[in-house]
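Participant: Handing you a structure now.
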Amino acid sequence: REQIFFDLLKFAAKQKHSLILTYAYAKNYSSGTGLNDVDLVKRIKKISESHGGLFYSIHLNASHDQILARTNTLSRKKFHKLKDVNEMKKLLKEWDVVTPPPFKDCLVIDNSRLSAGTVVKKILDQIK
């Protein structure tokens, strides 16, 4: 599955398509193939930039209490995301979702108490 993703990303980059990728990054997570999230985001950046694309690393972070409070909201159900609070507690203990990706220009936004509109404005201000 990862190779298909990388092939599609390369194709889009070669065609000069703009993409916005969202991903629940965890510094200490590794997929079943052994690819860890640190190397994953580095590879995405490399693919994008090697074809003349721009890469913006933006790490949205919320307190664990906020993440748990949001876990069973309607919007998560709509997008088929994890909705089990106990499972989320387990994952939050296991995975480091606080440490941002290892890019010096990574924009880190604590969105615990920010509206979606405010977060979007901060992101747009960064990439202009």
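The values are calculated or read from the model by the stated rules, or taken from the named source; none is laboratory data. Since the structure is predicted, the reported quantities are computational estimates derived from the model, not experimental observations. Don't worry about glycine lacking a Cβ; one is built from the backbone with ideal geometry, like all the others, and counts go over all protein chains shown. Accessible surface areas use protein heavy atoms only, side chains included; no ligands, DNA or RNA. Shrake-Rupley method; radii C 1.70, N 1.55, O 1.52, S 1.80 Å.
Participant: Taking only region 90-112 into account, find how many residues are outside any loop (DSSP other than H, G, I, E, B) and charged (D, E, K, R). Steps first, please.
Facilitator: Let us first name the residues in region 90-112 that are outside any loop (DSSP other than H, G, I, E, B), namely 90-94, 107-110.
Going one step further and asking which of them are charged (D, E, K, R), we end up with 90, 93-94, 110.
Adding up the residues that qualify gives 4.
Participant: Being touching a helix residue (DSSP H, G or I) at 6+ places or on another chain (Cβ under 7 Å) and farther than 17 Å from Ala69 by Cα is the filter; apply it to region 104-122 and report the residue that is least open to solvent (accessible area, probe 1.4 Å). Working first, answer last.
Facilitator: Start the filter on region 104-122 by keeping residues that are touching a helix residue (DSSP H, G or I) at 6+ places or on another chain (Cβ under 7 Å), which leaves 107, 109, 111-112.
Now narrow it down to the ones that are farther than 17 Å from Ala69 by Cα: 107, 109.
Numbers: Leu107: 35, Ile109: 6 Å².
By that ranking, first place goes to Ile109.
Participant: Of all residues in region 29-57 being over 27 Å from Lys128 (Cα atoms) and touching a residue at least 24 places away in the same chain (Cβ under 8 Å), which is nearest to the chain's Cα centre (by Cα)? Before the answer, list the steps.
Facilitator: First pass over region 29-57, keeping only residues over 27 Å from Lys128 (Cα atoms): 29-36.
Next cut, touching a residue at least 24 places away in the same chain (Cβ under 8 Å) only: 29, 31, 33, 35.
Values: Tyr29: 12, Ser31: 15, Thr33: 19, Leu35: 15 Å.
Checking each candidate, the answer is Tyr29.
Participant: Here's another thing I want to ask about it. Looking at region 67-89, can you tell me whether even one residue there is over 24 Å from Val120 (Cα atoms), modelled with pLDDT of 95 or more, open to solvent by 80 Å² or more (accessible area, probe 1.4 Å) and not in a loop (DSSP other than H, G, I, E, B)?
Facilitator: Yes: region 67-89 contains one or more residues that are over 24 Å from Val120 (Cα atoms), modelled with pLDDT of 95 or more, open to solvent by 80 Å² or more (accessible area, probe 1.4 Å) and not in a loop (DSSP other than H, G, I, E, B).
Participant: Right, something else. Tell me the residue from Gly32, Gly53 that is out of contact with any helix residue (DSSP H, G or I) (no Cβ under 6 Å at 6 or more places or on another chain) and either in a loop (DSSP other than H, G, I, E, B) or open to solvent by less than 70 Å² (accessible area, probe 1.4 Å) (or both), please. Full working, then the answer.
Facilitator: Details: Gly53 fails: out of contact with any helix residue (DSSP H, G or I) (no Cβ under 6 Å at 6 or more places or on another chain).
Step by step, each of Gly32, Gly53 is checked, and only Gly32 is out of contact with any helix residue (DSSP H, G or I) (no Cβ under 6 Å at 6 or more places or on another chain) and either in a loop (DSSP other than H, G, I, E, B) or open to solvent by less than 70 Å² (accessible area, probe 1.4 Å) (or both).
Participant: Are there any pairs, at least 6 apart or on different chains, whose C-beta atoms fall under 7 Å, with the first in region 78-93 and over 14 Å from His64 (Cα atoms) and free of Cβ contacts under 8 Å to residues at least 24 places away in the same chain and the second surrounded by 10 or more Cβ atoms within 10 Å (Cβ to Cβ) and of a type in the set (A, V, I, L, M, F, W, C), and if so, which?
Facilitator: Leu82/Met88
Participant: Quick one: how many residues across region 56-66 are among the polar types (S, T, N, Q) and either open to solvent by 90 Å² or more (accessible area, probe 1.4 Å) or out of contact with any Ser or Thr (no Cβ under 6 Å at 6 or more places or on another chain) (or both)?
Facilitator: Of all residues in region 56-66, those among the polar types (S, T, N, Q) come to 57, 61, 63, 66.
Then drop every residue that is not either open to solvent by 90 Å² or more (accessible area, probe 1.4 Å) or out of contact with any Ser or Thr (no Cβ under 6 Å at 6 or more places or on another chain) (or both), which leaves 57, 61.
Counting residues in region 56-66 that are among the polar types (S, T, N, Q) and either open to solvent by 90 Å² or more (accessible area, probe 1.4 Å) or out of contact with any Ser or Thr (no Cβ under 6 Å at 6 or more places or on another chain) (or both) gives 2.
Participant: Just a yes or no: is a residue in region 13-28 free of Cβ contacts under 8 Å to residues at least 60 places away in the same chain, exposed (fewer than 15 other Cβ atoms within 10 Å of the Cβ) and part of a helix (DSSP H, G or I)?
Facilitator: Yes, there is a match, as at least one residue in region 13-28 is free of Cβ contacts under 8 Å to residues at least 60 places away in the same chain, exposed (fewer than 15 other Cβ atoms within 10 Å of the Cβ) and part of a helix (DSSP H, G or I).
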